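**Q** Pasting a structure below so you can have a look.
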Amino acid sequence: MKNWHWMLLALVAVASLIAQFVGEAGRGPWAHVPAFWALFGFLGCALIILVSKAIGKYFLQRREDYYDEL
C-alpha cells in the first residue's frame with residue numbers, strides 16, 4: 001500500500017476512537033471498553049477472511065490434475 005493509504009487508515013481509526021468517546025456508541029458493558037468497536041470490526045474482517053479462505057480451499061479448489069482425468 002502507498003503511504004497515503006496508511007495515513008488515511010490511521011486517520012479513520014483515530015476518528016473512530018474519537019467518535020466513540022464523544023458520542024454514545026451503544027449501551028451495555030462493551031460500551032465502556034476503549035476501542036471496542038474498532039476491535040470488533042477488525043475481528044469481524046479477520047473472521048470473514050478466514051471463512052472465505054476455508055470455503056475456497058475445501059469447496060472451490062481442485063487438484064492440479066483435475067482435468068487430466070476427463
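**Q** What angle do you read, to the nearest 10 degrees and between 0 and 90, between the alpha-carbon axis of helix 3-22 and the longest principal axis of the chain?
**A** Result, in degrees: 50.
**Q** Could I ask something else about it? Please compute the modelled spin-label separation between Trp37 and Glu64, points set 7 Å along Cα→Cβ, answer in nm with one decimal.
**A** 4.9 nm
**Q** From the Cα gyration tensor of the chain, with a ≥ b ≥ c the square roots of its eigenvalues, which class applies: rounded if a/c is under 1.5, or else prolate if a/b is larger than b/c, or else oblate?
**A** oblate
**Q** Output the 0 to 90 degree angle, nearest 10, between the alpha-carbon long axis of helix 36-55 and the longest principal axis computed from the alpha carbons of the chain.
**A** Orientation of helix 36-55: about 0 degrees from the principal axis.
Coordinate-derived values only; no laboratory data. Computed from a predicted model, the values in this text were never measured in an experiment. Methodologically, a virtual Cβ is constructed for each residue, glycine included, from the backbone with ideal geometry; neighbour enumeration extends over all protein chains shown.
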